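Trainee: To start, I am sharing the structure in question, which I have written as structure tokens.
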Amino acid sequence: MQATLGKIFPKSIKERFVHPFLIRRKAAFLARTSKRLDICAAQFAHVLHLAGGFSLKGKTCLEIGSGWVLSHALVCYLLGARRVIATDLQRIFFPSALTFAVRESIESIPRDLLAPFADYSEVRDRFNRLRSITKFTEKDLNDLGIEYISPVDLAAKPLGIPVDFIYSLSVLEHVPKACLEPLLENLVRDLNPNGMMLHCVHLEDHQDFEKPFDFLGVPASNYPLKSEIYRGNRLRLTEWKNIFNKLKTADSSMLYSYVRNGPSLPSKIDPSVRYTDENDLRTTHIGVATRKMAS
Ligand SMILES: C[S@@+](CC[C@H](N)C(=O)[O-])C[C@H]1O[C@@H](n2cnc3c(N)ncnc32)[C@H](O)[C@@H]1O
């Protein structure tokens, strides 16, 4: 039977993380830090550049695991997307936090960094439109062509809406190994021919970034599903390459893979963690581009 997250996501943990007060507090914090619009524009421009550029003008975009603050969906809007569908396994989006994400960004950064991938004047006009929104609501997003669909488990079935572009940041490492291939296959099904998906994946132990590799030594018997979801699924670079290369009707390439030297590795790596060499274990961040073949 195919694993789906709806069946295996532990309810008590889910409830803990979707408490409205916690969502609001976390969203407000993120909107002023890592989800500021200028920071997200820079991240997006970086991977688009490494991927050789891809115009979003008039396109339909899908973000998976969009989280608390939909700043990357706004970046797709700035780049001229006609429709942006932000999805998540759990409903944690807090619309008004976007107000800070937009207001506190340095306005020249999104404009200048996105200009190589879209018309500069149009990016500027769209940015001004965002700035004119005094307090973001879901309706404001809908007016920009952005919709939020959650909860939805795309490992269980495809979205069923053809899309041209798919993006995720810090999501795939939280997907249990058993669900990863079904999820990616479903995403490729949703992609139009010549469509592209970009996934940025963070491979460190999310419980302790100072000891980012210790979790690789934890025996599988002490590493339950909830650890895969919150600490990371422990897949290493080579396994990610294998999984992406298995996708039918699509070609994948590694945009970047960063190796972190310094922190120690555990003296014994758990046998469930497959790897080829030390660099494989020490790779902490990867970016993958997948292009759906023309039919
Ligand atoms: C670390 S957060 C990143 C959120 C957002 N991408 C960002 O950069 O702020 C991980 C996100 O992945 C979502 N997620 C976890 N497992 C998922 C899955 N199987 N399918 C879709 N989203 C998932 C979580 O609900 C959460 O929103």
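The values are calculated or read from the model by the stated rules, or taken from the named source; none is laboratory data. Quantities reported herein were computed from a predicted structural model and do not represent experimental measurements. Backbone-built Cβ (ideal geometry, glycine too); neighbour counts: all protein chains shown.
Trainee: What pairs come up if the first residue lies in the range 69-82 and is touching a residue at least 60 places away in the same chain (Cβ under 8 Å) and closer than 15 Å to Phe165 by Cβ, the second is of a type in the set (Ser, Thr, Tyr) and within 13 Å of the ligand (Cβ to nearest atom), and their beta carbons are under 8 Å apart, counting only those six or more places apart or on different chains?
Mentor: Correct list of pairs: His72/Ser66; His72/Tyr167; Ala73/Ser66; Cys76/Tyr167.
Trainee: Which one of the conditions (1) of a type outside the set (S, T, N, Q); (2) over 16 Å from Glu122 (Cα atoms); (3) in contact with an Asp or Glu (Cβ under 7 Å, 6 or more places away or on another chain) does Ile92 fail to meet, given that it meets all the rest?
Mentor: Going through (1) of a type outside the set (S, T, N, Q); (2) over 16 Å from Glu122 (Cα atoms); (3) in contact with an Asp or Glu (Cβ under 7 Å, 6 or more places away or on another chain) one by one, Ile92 breaks only (3).
Trainee: Out of Pro219, Pro212, I need the residue that is over 18 Å from Asn186 (Cβ atoms) and surrounded by 19 or more Cβ atoms within 10 Å (Cβ to Cβ). Which one?
Mentor: Pro212
Trainee: I'd like the full set of residues that are in a loop (DSSP other than H, G, I, E, B), closer than 24 Å to Gly195 by Cα and out of contact with any Pro (no Cβ under 8 Å at 6 or more places or on another chain), limited to the range 150-170.
Mentor: Within the range 150-170, Ser150, Val152, Asp153, Leu154, Lys157, Pro158, Leu159, Gly160, Ile161, Pro162, Ser170 meet the criteria.
Trainee: Tell me which residues, restricted to the range 150-178, are of a type in the set (Val, Ile, Thr) and either touching a helix residue (DSSP H, G or I) at 6+ places or on another chain (Cβ under 8 Å) or without any contact (Cβ under 8 Å) to a residue 24 or more places away in the chain (or both).
Mentor: Selection gives Ile161, Val163, Ile166, Val175.
Trainee: Looking at (1) in a strand (DSSP E or B); (2) in contact with a Lys or Arg (Cβ under 8 Å, 6 or more places away or on another chain), which one does Asn186 not meet, given that it meets all the others?
Mentor: Of everything listed in (1) in a strand (DSSP E or B); (2) in contact with a Lys or Arg (Cβ under 8 Å, 6 or more places away or on another chain), Asn186 misses just condition (1).
Trainee: Would you confirm whether any residue within the range 109-118 is in contact (Cβ under 8 Å) with a residue 40 or more places away in the chain, more than 16 Å from the ligand (Cβ to nearest atom), outside any helix (DSSP H, G or I) and over 30 Å from His206 (Cα atoms)?
Mentor: Yes, the range 109-118 contains a residue that is in contact (Cβ under 8 Å) with a residue 40 or more places away in the chain, more than 16 Å from the ligand (Cβ to nearest atom), outside any helix (DSSP H, G or I) and over 30 Å from His206 (Cα atoms).
Trainee: Scanning for something touching a residue at least 24 places away in the same chain (Cβ under 8 Å), assigned to a loop (DSSP other than H, G, I, E, B), of a type outside the set (Val, Ile, Thr) and within 16 Å of the ligand (Cβ to nearest atom), does the range 246-260 turn up at least one residue?
Mentor: Checked against the condition, which is being touching a residue at least 24 places away in the same chain (Cβ under 8 Å), assigned to a loop (DSSP other than H, G, I, E, B), of a type outside the set (Val, Ile, Thr) and within 16 Å of the ligand (Cβ to nearest atom), the range 246-260 yields no hits at all.
Trainee: For the range 189-242, which residues satisfy the criterion of being within 15 Å of the ligand (Cβ to nearest atom), of a type in the set (Val, Ile, Thr) and in a helix (DSSP H, G or I)?
Mentor: Ile229
Trainee: Taking the conditions exactly as written (in a strand (DSSP E or B) and in contact (Cβ under 8 Å) with a residue 40 or more places away in the chain), does Glu147 satisfy them or not?
Mentor: yes
Trainee: Between a first residue in the range 214-240 that is at positive phi and a second residue that is among the aliphatic types (A, V, I, L, M) and part of a loop (DSSP other than H, G, I, E, B), which pairs have beta carbons less than 7 Å apart while being 6 or more apart in sequence or on different chains?
Mentor: So the pair list comes out as Gly232/Leu203; Arg234/Val273.
Trainee: Being more than 22 Å from Ser55 (Cβ to Cβ) and crowded, with 20+ Cβ neighbours inside 10 Å is the filter here; which residues of the range 183-202 pass it?
Mentor: Across the range 183-202, the qualifying residues are Leu183, Leu184, Val201.
Trainee: Let me ask something else. Quick one: which of Val152, Val123 is farther than 25 Å from Ser55 by Cβ and either modelled with pLDDT of 95 or more or in contact with a Leu (Cβ under 7 Å, 6 or more places away or on another chain) (or both)?
Mentor: Sole residue among the options that is farther than 25 Å from Ser55 by Cβ and either modelled with pLDDT of 95 or more or in contact with a Leu (Cβ under 7 Å, 6 or more places away or on another chain) (or both): Val152.
Trainee: Name the single residue, out of those in the range 222-251 being over 27 Å from Gln90 (Cβ atoms) and of a type in the set (A, V, I, L, M, F, W, C), that is surrounded by the fewest Cβ atoms within 10 Å (Cβ to Cβ).
Mentor: Ranking the qualifying residues of the range 222-251, first place goes to Ala250.
Trainee: Take the residues in the range 48-67 that are of a type in the set (A, V, I, L, M, F, W, C) and closer than 11 Å to Tyr148 by Cα; name whichever of them is farthest from the ligand (Cβ to nearest atom).
Mentor: Taking the candidates together, the pick is Leu62.
Trainee: Filtering the range 56-77 down to residues that are over 20 Å from Val288 (Cβ atoms) and more than 18 Å from the chain's Cα centre (by Cα), which residue is surrounded by the fewest Cβ atoms within 10 Å (Cβ to Cβ)?
Mentor: Taking the candidates together, the pick is Gly58.
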